Amino acid sequence: MRLVLLGAPGSGKGTQATRLREHLQVPHISTGELLRAAVKAGTPLGLQAKAVMEAGSLVSDEIVLGMLEERLTAGDTGNGFILDGYPRNLAQANALDALLKRLDQPVDIAVQLDVDTELLIGRLAGRAQAEGRADDSPDAVRNRLTVYNDATAPVVDFYRNSGRLACVDGVGGMDEVFSRILSTLAPTPEIG
């Protein structure tokens, strides 16, 4: 199973990706973790990324895509993978689709975790308080969610238009949401 997990910050992507990794027995790939690991290991792409970050800039899509390509050609992705929170915009979605087509590993399904904005604000505020972060005011969180929604709406449409999108209600207990996700992954029997 090759799965893209989409959802706003606080929607539960990380929690559900961990559970899906165990259930599906495929690696959970987070671009943020890939980036940190490549920088720490001093790989050629990691050194490029480090230079960009030290200059105060954002790491380019090309560098991130290169890291993804290296990761997706590792032996443990033969039975699939879970991409968590990537792609974040339409350009990344198109580039990822082209890469996966070239690797003969196309995405089977993109799962969008839908959670109401006000609930997300509450979740993020609780998480920020638990982690001692004072920078996650409700207004700052609302702004981040607006930016997220503006950038990812085309990504959701990209997967919807290709018939590879499942929208899942992300509200409820962890087990309940997990069960909803699993039901979208199960093949529907042919009626005939």
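Structure data summary
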item	result
Long-range Cα-Cα pairs in the chain (distance over 22 Å), rounded percent	52
Cα-based reach from LYS101 at 25 Å (exclusive), listing lysines while leaving out same-chain residues under 8 positions away	LYS13
Segment 53-108 and segment 143-167: distance between their alpha carbon centers, rounded to Å	17
Extension gain, GLU69 back to ALA98 (0.36 nm per residue minus Cα-Cα distance, nm)	9.3 nm
Choice from GLY46, GLY75, GLY163 with maximal GNM fluctuation in the chain (Cα, 10 Å cutoff)	GLY75
Sites ASN161 and GLU54, calculated FRET efficiency, Cβ-Cβ separation with R0 41 Å, nearest 0.05	0.60
Per residue value of the accessible surface for the chain (all protein chains in place, 1.4 Å probe), Å²	54
Carbon plus sulfur fraction of accessible area for the chain, probe 1.4 Å, in percent	53
For peptides 100-113, 1-14, sequence by mean Cβ density within 10 Å, most packed first	1-14, 100-113
Anchor LYS40: lysines whose Cα lies under 23 Å away (excluding residues fewer than 8 positions away in-chain)	LYS50
Normalised contact order of segment 2-185, rounded percent, pairs of Cα under 8 Å and 6 or more residues apart	31
Sites VAL171 and LEU47 - FRET efficiency at Förster radius 41 Å, r taken between beta-carbons, to 0.05	0.45
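The values are calculated or read from the model by the stated rules, or taken from the named source; none is laboratory data. Everything numeric in this text was worked out from a predicted model, so none of it was measured. Positions of Cβ are backbone-derived with ideal geometry, glycine not excepted, and every protein chain shown enters the neighbour counts. SASA here: full protein model, heavy atoms, side chains in, ligands and nucleic acids out. Shrake-Rupley method; radii C 1.70, N 1.55, O 1.52, S 1.80 Å.
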